[in-house]
């Protein structure tokens, strides 16, 4: 709901757990440190032909010759699932998409999301958990008798 009590369409994809599991698989299969994915730059040439959406938990890392190729193709699967979820509530009025949480720091995710929505501006939230923080700020007077803290 909006901070004024109005309804808001929403759709969510919880891909963080699948991401954690793939990182473990990739690290074991390609013998890399667990956070190696953080060093991967977006490289469109590593993408295989446009795949059909598959269950994120069934992604097979052995179909790829490198950690980088497997990771980028996994993130494309996340984007396919994200687009399917987002399109449930997307309309012509939407001009901007804001990404919050861990994926906001992921260059590959952000690039592929922007490609999935070429007519829409895609931004990473600059404050961690910005959505939750905004909701807490908007409702502060209704749940907390203390003065609003100055940041």
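Of the residues in region 13-26, how many are free of Cβ contacts under 8 Å to residues at least 24 places away in the same chain and either part of a helix (DSSP H, G or I) or in contact with a strand residue (DSSP E or B) (Cβ under 8 Å, 6 or more places away or on another chain) (or both)?
4
Mind checking which residues of region 73-90 are in contact (Cβ under 8 Å) with a residue 40 or more places away in the chain and in contact with a helix residue (DSSP H, G or I) (Cβ under 6 Å, 6 or more places away or on another chain)?
Hit for region 73-90 is 74, nothing else.
State whether one or more residues within region 128-142 are under 17 Å from residue 26 (Cβ atoms) and assigned to a loop (DSSP other than H, G, I, E, B).
No: region 128-142 contains no residue that is under 17 Å from residue 26 (Cβ atoms) and assigned to a loop (DSSP other than H, G, I, E, B).
Which condition does residue 102 not pass, out of (1) under 16 Å from the mean Cα position of the chain (by Cα); (2) farther than 23 Å from residue 118 by Cα, if it passes all the others?
Looking at each condition in turn, residue 102 falls short on (2).
Do we find that residue 39 is touching a strand residue (DSSP E or B) at 6+ places or on another chain (Cβ under 7 Å), at pLDDT below 95 and either surrounded by fewer than 18 Cβ atoms within 10 Å (Cβ to Cβ) or on the phi > 0 side of the Ramachandran plot (or both) in this structure?
Judged against the criteria, residue 39 is not a match.
Please go through region 42-61 and give me each residue that is surrounded by fewer than 15 Cβ atoms within 10 Å (Cβ to Cβ), in contact (Cβ under 8 Å) with a residue 12 or more places away in the chain and within 15 Å of residue 18 (Cβ to Cβ), ordered by number.
53, 54, 57, listed by residue number.
Given the structure, is residue 84 modelled with pLDDT of 95 or more, assigned to a helix (DSSP H, G or I), under 22 Å from residue 125 (Cα atoms) and out of contact with any strand residue (DSSP E or B) (no Cβ under 9 Å at 6 or more places or on another chain)?
No; evaluated as a whole, the condition is false for this residue.
Restricting the first residue to region 91-113 and requiring it to be under 15 Å from residue 11 (Cβ atoms), which pairs with a second residue that is at pLDDT 85 or above meet a Cβ separation below 6 Å and a spacing of at least six or different chains?
97/120; 97/122; 98/123; 99/124; 113/79; 113/122
The values are calculated or read from the model by the stated rules, or taken from the named source; none is laboratory data. Given the structure is predicted, the values throughout are model-derived calculations rather than measurements. Glycine gets a Cβ as well: all are built from the backbone with ideal geometry, and neighbour counts include every protein chain shown.
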